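Heads up, the thing below is written out as structure tokens.
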Amino acid sequence: MTDTQITDAADRARAAIARHTRLVPDFPSPGIAFKDLTPVLADAEGLFAVTTALAQAGGDIDLVAGIDARGFLLGGAIALQLGVGVLAIRKAGKLPPPVRSADYDLEYGTASLEVPADGVDLHGRRVLVVDDVLATGGTLNAAIGLLEAAGAVVPTAVVVMEIDGLPGREAVESAHRDLVLTSLAAG
């Protein structure tokens, strides 16, 4: 793709995000303003624009890893565009054992992520990590750390939206200095 085509895809994605994102106050807890991207992904043009722009930012990879749960939707579509497989990074308790897990802090609590410990060989594979929103960076850092502990190389991470005023980008970039982190929009 040309630079113009890449810019056009990102511009179309940003327009879809601006048009369809729903703001939900006090969710999941008081004081949190949740940016709901579900309407963006439910719109065929929005889904195509967002996944195309994220795929273009992914670089040379062997596998896409989508973070529970909107990352699954995005990751599958991106993997299809790139001609690679997809791995679901699940919330704790959703996968059969054995699993690899990583605990992390959220802006409103704590959580844990898991990937299969058997059945998917990640050693040496270049993995693109996909999530919907970057807030504090805890989820993305946990996912990258989990994949790296399993032997994967994570050169790139992409998110649809980065929340203004929160330290997510700084947290991720300081923990993973060689990572290329792309977000399509700020909110």
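The values are calculated or read from the model by the stated rules, or taken from the named source; none is laboratory data. The structure displayed is predicted, hence computed values, not measured ones. Don't worry about glycine lacking a Cβ; one is built from the backbone with ideal geometry, like all the others, and counts go over all protein chains shown. Each accessible area value is taken on the protein alone, full model and side chains, heavy atoms only, with ligands, DNA and RNA left out. Shrake-Rupley method; radii C 1.70, N 1.55, O 1.52, S 1.80 Å.
Here is how the numbers come out for the structure above:
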| item | result |
| --- | --- |
| Subset tally (residues that are touching a residue at least 24 places away in the same chain (Cβ under 8 Å) and over 19 Å from the mean Cα position of the chain (by Cα)) for segment 16-27 | 1 |
| Checking VAL127 against (1) open to solvent by 60 Å² or more (accessible area, probe 1.4 Å); (2) in contact (Cβ under 8 Å) with a residue 12 or more places away in the chain, the condition it does not meet | (1) |
| Residue within segment 144-151 that is buried (at least 22 other Cβ atoms within 10 Å of the Cβ) and within 11 Å of the chain's Cα centre (by Cα) present | yes |
| Matching residues, segment 49-88, being β-branched (Val, Ile, Thr) and in a loop (DSSP other than H, G, I, E, B) | ILE61, VAL84 |
| Hey, ARG22 open to solvent by 30 Å² or more (accessible area, probe 1.4 Å), basic (Lys, Arg) and under 17 Å from LEU122 (Cβ atoms) or not | no |
| Candidate set from segment 31-46 (those that are under 18 Å from ASP164 (Cα atoms) and not in a strand (DSSP E or B)); member that is farthest from the chain's Cα centre (by Cα) | GLY31 |
| Subset of segment 152-170 (residues that are surrounded by 18 or more Cβ atoms within 10 Å (Cβ to Cβ) and among the small types (Gly, Ala, Ser)) | ALA152, ALA157, GLY168 |
| Residue in segment 142-153 that is closer than 14 Å to ILE67 by Cβ, of a type outside the set (Asp, Glu) and touching a helix residue (DSSP H, G or I) at 6+ places or on another chain (Cβ under 7 Å) present | no |
| Filter result for LEU80 (surrounded by 15 or more Cβ atoms within 10 Å (Cβ to Cβ) and aliphatic (A, V, I, L, M)) | no |
| Criterion (within 28 Å of LEU23 (Cα to Cα) and open to solvent by 30 Å² or more (accessible area, probe 1.4 Å)) met by exactly one of ASP103, ASP121, ASP132 | ASP103 |
